[in-house]
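The values are calculated or read from the model by the stated rules, or taken from the named source; none is laboratory data. Values in this document were obtained by computation on a predicted structure and should not be read as measured data. For neighbour counting, all protein chains shown are included, and Cβ atoms are generated from backbone atoms with ideal geometry for every residue, glycine included.
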Amino acid sequence: MRKRVNGNTINSPEHDDKKILHRQIVEKEQELQKKRKEIGLFKTPLRTISLFASEALLILKTSLRELGRRYIITSISILLASSITFFRLFKGFHSHVFDPYFDEMVHCAKWMFLGVLSSVGLGTGLHTFLLNLGPFIAKTTFASGECGSLDFDLYGKNAFVCPLHTEQEQVTMMNVIYKVEFAVLCWGLGTAIGELPPYFVARGARLSGKSVESVEGLDFDKELKTDPDSDGTLKAVAYRSVSIVKSFFHAFLTKYTFITILVMASIPNPLFDLAGVTCGYSLIPFKTFFGATVIGKAIIKANLQAVLIVLIFSRKQLDIVITFIENIVPSVKQSLENFIAKEVSKFHPHSNNSSVVVEGKTIVGIVWDVILALMISWFLLSIITSMAVNRASSIDEIEIQRYKKKLSSKGHH
């Protein structure tokens, strides 16, 4: 409360106490936030592992509790899974009808799981398009050129093996896309599902009366905003840029909800997590958010990426790319030739005229394996760290509430 004395406005003792109380709480929050920044397997391994295990156990308990509440859906799911397993294990008259559909379900589940891994988390997803789906489409494109047809299996022991007797056909880009379309759609559906956690977390925060800043990881510009050294630096520019994007996105989301989400989901951009958080906190209906995300990611974006891979890895374009690489780095010419010869030989394992099989791994193959291992390791580390930070944030939130009560009780005395 403010008072006027001799024409001057002065703060009352009560107002000053509130300012001091607020400053102490902010300082406490900054202290805890600083400690959370130290969480990591390389910085504080024991604390990180302990927090990760605690968070994983909490998620498991919560999941089991939710399954118990939804006992009807859980029972139906268990019954369905048991029936599928029974029909798969015990062969009979049903096998020739059931097995092909079961195989397709398994392949779709695999691609959906990889899609979820690609987009789950706030910027910590595993790039499974580059690691799995992209190479799969590229190999299909390359095999179609070598076989002169698309009459080959994509899975199983005879995957990508050219048939011994088949008529040559004109292989078009659309034919190749149609061949891999099922995998592309399943992967795209998985990426859409992986975007749901930020939406539900932000929605839960809004319904429980929390601010979006109170949920760790959801306030994208929080670190830039609270950094005392951010003024006049690159962080300040980044903060302003993110703020502009957020304001524009929120304005369009209010007027054109479905179209805005659809456009954001249809183009490769690192800010789609922002869309999920904003939609969840704004209480955008789930069917609107998920429907637009599925159309954008599974039907539009995933297929555009597939078309790009098919265009790049057609035999003509691939020869141009290989020649370009050999001109830039002549030392890799032999390794590339060995790698291509080995891949081509896999398409014609029964042919006497096939290229000479190169034994062992080529340098290109070894480098790819190393990159794959590093990316998977980084993904696992980021997931562990993220879960540990989430757990620490929950603990710190409880500590802040206790600290507020402690300060309030002192203020009353």
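Things to note:
- Enumeration of residues in the range 177-219 that are in contact with an Asp or Glu (Cβ under 8 Å, 6 or more places away or on another chain) and modelled with pLDDT under 70: Val212, Glu213, Ser214, Asp219
- Selection of the range 56-94 for residues being small (Gly, Ala, Ser) and touching a helix residue (DSSP H, G or I) at 6+ places or on another chain (Cβ under 8 Å) yields Ala56, Gly68.
- Whichever residue in the range 51-96 is loosely packed, with under 13 Cβ neighbours inside 10 Å and among the aromatic types (Phe, Trp, Tyr) and, among such residues, is farthest from Ser394 (Cα to Cα): Phe93
- Criterion violated by Asn269 - all others in (1) farther than 30 Å from Ser149 by Cα; (2) modelled with pLDDT of 80 or more; (3) surrounded by fewer than 19 Cβ atoms within 10 Å (Cβ to Cβ) satisfied: (2)
- Ile320 among the β-branched types (Val, Ile, Thr), modelled with pLDDT of 75 or more and out of contact with any Lys or Arg (no Cβ under 7 Å at 6 or more places or on another chain): no
- Leu60 vs. criteria among the hydrophobic types (A, V, I, L, M, F, W, C), at pLDDT below 85 and within 23 Å of Ala109 (Cα to Cα): no
- Cβ-Cβ distances below 9 Å connect the following pairs, each with a first residue in the range 300-327 that is touching a residue at least 60 places away in the same chain (Cβ under 8 Å) and surrounded by 12 or more Cβ atoms within 10 Å (Cβ to Cβ), a second residue that is of a type in the set (D, E, K, R) and in a helix (DSSP H, G or I), and a separation of six or more residues or different chains: Asn303/Glu181; Ala306/Glu181; Phe313/Lys139; Arg315/Glu146.
- Among the numbered conditions (1) among the aliphatic types (A, V, I, L, M); (2) modelled with pLDDT of 70 or more; (3) in contact with a Lys or Arg (Cβ under 9 Å, 6 or more places away or on another chain), the only one that Val357 does not meet is (2).
- The condition (being at pLDDT 85 or above, surrounded by 11 or more Cβ atoms within 10 Å (Cβ to Cβ), within 30 Å of Ser266 (Cβ to Cβ) and not aliphatic (A, V, I, L, M)) is satisfied by just one residue among Gly115, Gly121: Gly115.
- Cβ pairs under 7 Å, 6+ apart, first in the range 20-49 and buried (at least 16 other Cβ atoms within 10 Å of the Cβ), second of a type in the set (Lys, Arg) and modelled with pLDDT under 85: none
- Any chance Thr141 is more than 16 Å from the chain's Cα centre (by Cα) and surrounded by 11 or more Cβ atoms within 10 Å (Cβ to Cβ): yes
So that you can scan it fast, the table gives a plain yes or no per residue for (1) over 30 Å from Asp273 (Cβ atoms); (2) in a loop (DSSP other than H, G, I, E, B); (3) not hydrophobic (A, V, I, L, M, F, W, C):
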site: Arg88; (1), (2), (3): yes, no, yes
site: Trp111; (1), (2), (3): no, no, no
site: Leu117; (1), (2), (3): no, no, no
site: Leu126; (1), (2), (3): no, yes, no
site: Leu133; (1), (2), (3): no, no, no
site: Glu146; (1), (2), (3): yes, no, yes
site: Ser149; (1), (2), (3): yes, yes, yes
site: Cys162; (1), (2), (3): yes, yes, no
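- Flag for Val389 being over 25 Å from Asp153 (Cβ atoms), surrounded by 15 or more Cβ atoms within 10 Å (Cβ to Cβ), touching a helix residue (DSSP H, G or I) at 6+ places or on another chain (Cβ under 7 Å) and at pLDDT 75 or above: yes
- Unmet criterion (only one of (1) surrounded by fewer than 16 Cβ atoms within 10 Å (Cβ to Cβ); (2) at pLDDT 70 or above; (3) part of a helix (DSSP H, G or I)) for Thr278: (1)
- When residues in the range 28-46 are screened for being assigned to a helix (DSSP H, G or I), over 25 Å from the mean Cα position of the chain (by Cα) and under 17 Å from Leu380 (Cα atoms), 1 of them pass.
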